[in-house]
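Chemist: Sharing a structure, written as structure tokens. Questions coming.
The values are calculated or read from the model by the stated rules, or taken from the named source; none is laboratory data. Fair warning: this is a prediction, and the values are worked out from it, not measured in the lab. For neighbour counting, all protein chains shown are included, and Cβ atoms are generated from backbone atoms with ideal geometry for every residue, glycine included.
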Amino acid sequence: MQAEIAGIMASKQTSHLIPLCHQINLDYSKITYQWFDARATLRILCSVQVTDKTGCEMEAIVGSQIAAATIYDMCKGTFKAIEIQNCHLVSKTGGKSGDYFHTEE
């Protein structure tokens, strides 16, 4: 729960963290998780939505990365070899540049 709150808060503060990033009002921000037991891997997804004229990719990336860092902070006492890997945009719709959907390679 702390990681979810941290991710949502971070997504709303992105313009204060990244120089020259537009300040936008998020209509929606949510952190979700998928656990893959066989690989001992946690996938963190940050979904955001805006009605502004600019994209919100950076808000989603910052939200997911801060959620990951928060989980690391909570677990480092038990297991220090945690790795935060492979951050990327999964999808976006709308905006001037159009839709984007990441394809697994």
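Chemist: Against the definition (over 19 Å from Q2 (Cβ atoms), out of contact with any helix residue (DSSP H, G or I) (no Cβ under 7 Å at 6 or more places or on another chain) and either surrounded by 15 or more Cβ atoms within 10 Å (Cβ to Cβ) or among the acidic types (D, E) (or both)), how does D99 come out, yes or no? So that I can check it myself, show each step before the final result.
Modeler: Values: over 19 Å from Q2 (Cβ atoms): yes; out of contact with any helix residue (DSSP H, G or I) (no Cβ under 7 Å at 6 or more places or on another chain): yes; either surrounded by 15 or more Cβ atoms within 10 Å (Cβ to Cβ) or among the acidic types (D, E) (or both): yes.
Here the answer is yes, as D99 does meet what is asked.
Chemist: Which members of region 60-96 meet the condition of being at positive phi and either surrounded by 10 or more Cβ atoms within 10 Å (Cβ to Cβ) or in contact with a strand residue (DSSP E or B) (Cβ under 8 Å, 6 or more places away or on another chain) (or both)?
Modeler: G94, G95 - these are the residues of region 60-96 that are at positive phi and either surrounded by 10 or more Cβ atoms within 10 Å (Cβ to Cβ) or in contact with a strand residue (DSSP E or B) (Cβ under 8 Å, 6 or more places away or on another chain) (or both).
Chemist: Would a scan of region 64-72 turn up a residue that is at pLDDT below 90 and of a type in the set (G, A, S)?
Modeler: No, region 64-72 contains no residue that is at pLDDT below 90 and of a type in the set (G, A, S).
Chemist: Condition check: of a type in the set (D, E), under 16 Å from A3 (Cα atoms) and more than 13 Å from the chain's Cα centre (by Cα). Does D37 satisfy that? Spell out how you get there, then give the answer.
Modeler: Details: of a type in the set (D, E): yes; under 16 Å from A3 (Cα atoms): no; more than 13 Å from the chain's Cα centre (by Cα): yes.
Spelling it out, it is not the case that D37 is of a type in the set (D, E), under 16 Å from A3 (Cα atoms) and more than 13 Å from the chain's Cα centre (by Cα).
Table: residues versus (1) surrounded by 14 or more Cβ atoms within 10 Å (Cβ to Cβ); (2) touching a His at 6+ places or on another chain (Cβ under 8 Å); (3) over 18 Å from D73 (Cα atoms).
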site	(1), (2), (3)
A3	yes, no, no
G7	yes, no, no
T14	yes, no, yes
I18	no, no, yes
I24	yes, no, yes
Y28	no, no, yes
I31	yes, no, no
F36	no, no, yes
L42	yes, no, no
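Chemist: I need a count of the residues in region 56-95 that are more than 13 Å from R43 (Cβ to Cβ), polar (S, T, N, Q) and not in a helix (DSSP H, G or I).
Modeler: 3
Chemist: Oh, and also: Residue by residue through region 30-51, note down the ones that are of a type outside the set (S, T, N, Q) and out of contact with any Asp or Glu (no Cβ under 9 Å at 6 or more places or on another chain). Lay out the reasoning, then the answer.
Modeler: Taking region 30-51 and keeping what is of a type outside the set (S, T, N, Q), we get 30-31, 33, 35-40, 42-46, 48, 50.
Selection gives W35, F36, D37, A38, R39, A40, L42, R43, I44, L45.
Chemist: In this structure, does L42 turn out to be outside any loop (DSSP other than H, G, I, E, B) and either in contact (Cβ under 8 Å) with a residue 60 or more places away in the chain or within 24 Å of E104 (Cβ to Cβ) (or both)?
Modeler: Details: outside any loop (DSSP other than H, G, I, E, B): yes; either in contact (Cβ under 8 Å) with a residue 60 or more places away in the chain or within 24 Å of E104 (Cβ to Cβ) (or both): yes.
Taking the combined requirement at face value, the residue satisfies it.
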